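Here, each number is a calculation from the coordinates, and none is a lab measurement. The structure displayed is predicted, hence computed values, not measured ones. A quick note on method: Cβ atoms are made from the backbone with ideal geometry, for glycine too, and the neighbour counts reach across all protein chains shown.
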Amino acid sequence: MLTTGYGGQLVILFNMSYLYYIWEESINISLGSWVSFGDINIPYGLSLDSLAMTVLIPVGIVTICVLLYAIEYMSHDPNRNRFLIILSIFAIFMTILVVSDNYVMMFIGWEFVGIISYLLISYWSTRITAMKSALSAILLNRMGDTFFMIALGILLGYFHAVDYDTLTLATPYTNTLILNILTILLLLAATAKSAQLGLHAWLLQAMEGPTPVSALLHAATMVCAGVYVLARSYFILEYSPTILLIVCWLGGLTTLVSGLIAVVTNDIKKVIALSTMSQLSIMVLAIGISAYDLAIYHLYCHAFFKALLFMGAGSVIHSWIAESQDMRKYGGLSLYLPLSYTAILIASLSLMAIPGLTGYYSKDIIIESLYGTYTYSGYILYYIAVGSATLTSIYSIRVLWLTFFNYPNGNRNSYRYIHENIYMILPMIILVIYSIFIGYSRDTVIGHYSMSLPMNNHFIETEYTLPTYIKLLPLILGLSLSLLLIYIYEYTYIIRKSQVYNYFNNRIYYEQILNNIIIRTVLRFGGLLNYYTDNGLLRTLGSTGITRVITYINIGIILNIVYVIV
């Protein structure tokens, strides 16, 4: 029933995309007005422009594939229907976020996406780790939502409008300080939702949820919402060049740190989650150099092979009798799970940006465009991005080697029950096709779907002026060091845990720093406020104090009357 509904939605989506491609004209649907107070008007409307249609296509395709996958993956769960319903509600609000024509409607979709992610991460609510992870995710996301709310307040207070068309016309004549503040607030909101460095801790913990949740929320849709908001707010970002430089460096540092952590992580789903964080940072890098069309194109392509990676990992975990996620316990599974191995291999090669596959066309052009800016920051960030791409190749090969080629490390009983599930493979085949061929649509996506985004000359500079070695450096380093990694694992591998290994294996100790310095301090400050303010000053001056004053006054009057009578 659910998949039939989404199949119909997908047909409508493709028809609308075809019409848009033919006519290249936005479709605006006004459904009324929510608030009309003086000159402030908050409309309730939908806008199917080029940017919305570009993002809706991967959201729709990945959603229906994940729903088909989840029907089989959760087939033995007693509450499977509830799980599918929550997934479907998530898809509805993600669609609202994408097709809204103003920031208030976008914020409604943004909020509900966060709330439903809490329900999905904590789906197995009897597990303490699942509940703690969901709580961490929702709290860090609420931090980003706070900044989004402040931005909404500034938009209403300063512009008296929240719809994109009005703001696009007004921003060129606006005070630069206001635009800088708005850009910082939107960047902080996107940092929380898209798991950039500083507010990223929730993404790895979110892997406690079922694998279909990871494939949908943390690969293709929810985590891309932050990038989508930044791209949608291009008319504000373009007039804040200083903040765009900060955006660039945030993306560069995040992509490098996430790659270093992933190289020493042993949980297969967490490695893929860290690769998601790294690829989102590549999109943020593109936004930082004003290449919004390239950022959206990478979002478009990345959704397919990343969802495929998660679904392939879920197929391995589901077939393993203990459902372990530790890659060191696998080994030799290519003979037992040939279809899952093929899916993960194609998705990994696409993630590594091997020429001919989807990831190559969207990822390499962003890395090259960094050098094509011909600025000091562009040069430095180019080499950081090349290092990140090399690390991506290393941990992708590491996942393939430890899972499918290494000597079997599990017990004999585990290998007896490993089997391929054809119903889980079928939706993966669709994503395999997209992971191979969708990259060829670059001219279509950038040329037609992203016409509403500003264009710059970096694309031309990158295509025609870069030296050949700059273009080939990510590919050469990635392949050579990946082959070196295979040689080390096969012939010379010795575990030597150093301080550096422990540092990155413990995720740069960020959670410990967050807990000990920020969260404990805030809790201690909250306890003092509770002691001295809530239960102290406010009680003395508030209800308790007033009650005592009234009581003592009455008692004093009665005693005086008694004294006079006596």
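Observations, loosely collected:
- Cα long-axis angle, helix 338-351 against the chain (0 to 90 degrees, to the nearest 10): 70
- Spacing of the modelled spin labels on Ile128 and Thr242, each 7 Å from Cα toward Cβ, amounts to 4.8 nm.
- Longest segment of the chain lacking GluC sites (Glu not before Pro) that sit in a DSSP loop with at most 16 other Cβ atoms within 10 Å: 26-322
- Relative packing of peptides 142-150, 50-58 - highest average C-beta neighbours within 10 Å first: 50-58, 142-150
- Under 5 Å, built H, 5+ apart or other chain: amide partners of Gly331: Asn409
- Straight-line cross-link reach from Lys329 at under 17 Å between alpha-carbon atoms covers these aspartates and glutamates, not counting any fewer than eight positions away in the same chain: Asp267, Glu490.
- Amide H contacts under 5 Å for Ile27: Leu48, Asp49, restricted to partners 5 or more places along the chain or on a different chain, H placed in the peptide plane at 1.01 Å from N.
- Debye-sum result for the range 2-505 in log10 I(q)/I(0), which assumes one identical scatterer on each alpha carbon, at q = 0.05, 0.06, 0.11 Å⁻¹: -0.18, -0.26, -0.89
- Estimated FRET transfer efficiency (Ile486, Tyr531; beta-carbon r; R0 56 Å; 0.05): 0.40
- Ranking of Leu156, Leu237, Leu177 by count of other Cβ atoms within 10 Å, fewest first: Leu177, Leu156, Leu237
- Ignoring lysines fewer than eight residues from Lys306 along the same chain, the ones with Cα atoms less than 20 angstrom from its Cα are Lys193, Lys269, Lys270, Lys363.
- The trypsin sites (Lys or Arg not before Pro) of the range 469-528 meeting both criteria, a DSSP state outside H, G, I, E and B (loop) and at most 11 other C-beta atoms within 10 angstrom of the site's C-beta, are Arg496, Lys497.
- Net lengthening on full extension, Tyr417/Ile27 (0.36 nm per residue, minus Cα-Cα): 135.2 nm
- When its C-alpha radius of gyration is set against 2.2 N^0.38 Å (N residues), the range 241-367 gives a value of 1.15.
- Per-residue [θ]222 nm for the chain (sum of -39500 (n - 2.57) over DSSP H runs n ≥ 4, rounded to 500): -22000 deg cm²/dmol
- Exposure proxy order (Cβ contacts within 10 Å, fewest to most) of Ile296, Ile268, Ile71: Ile71, Ile268, Ile296
- Residue order, fewest to most surrounding Cβ atoms within 10 angstrom, among Tyr503, Tyr69, Tyr469, Tyr118: Tyr469, Tyr503, Tyr118, Tyr69
- Placing +1 on the Cβ of every Lys and Arg and -1 on the Cβ of every Asp and Glu, with nothing else charged, gives the range 2-505 a dipole about its Cα centre of roughly 1780 debye.
- Of the two radii for the range 514-565, the radius of gyration is 1.45 times the Kirkwood radius, both from the alpha carbons; that is the Rg over Rh value.
- Here Ile565 and Thr544 are evaluated by their C-beta separation; at R0 = 45 Å the FRET efficiency comes out at 0.90.
- Over the chain, relative contact order from alpha-carbon pairs under 8 Å, at least 6 apart, %: 14
- Computed over the range 66-153, the Cα gyration tensor eigenvalues convert (square root of 5λ each) into semi-axes of 27, 18, 7 Å, ordered from largest to smallest.
- Difference of contour (0.36 nm per residue) and Cα-Cα distance, Leu479 to Ile513: 8.7 nm
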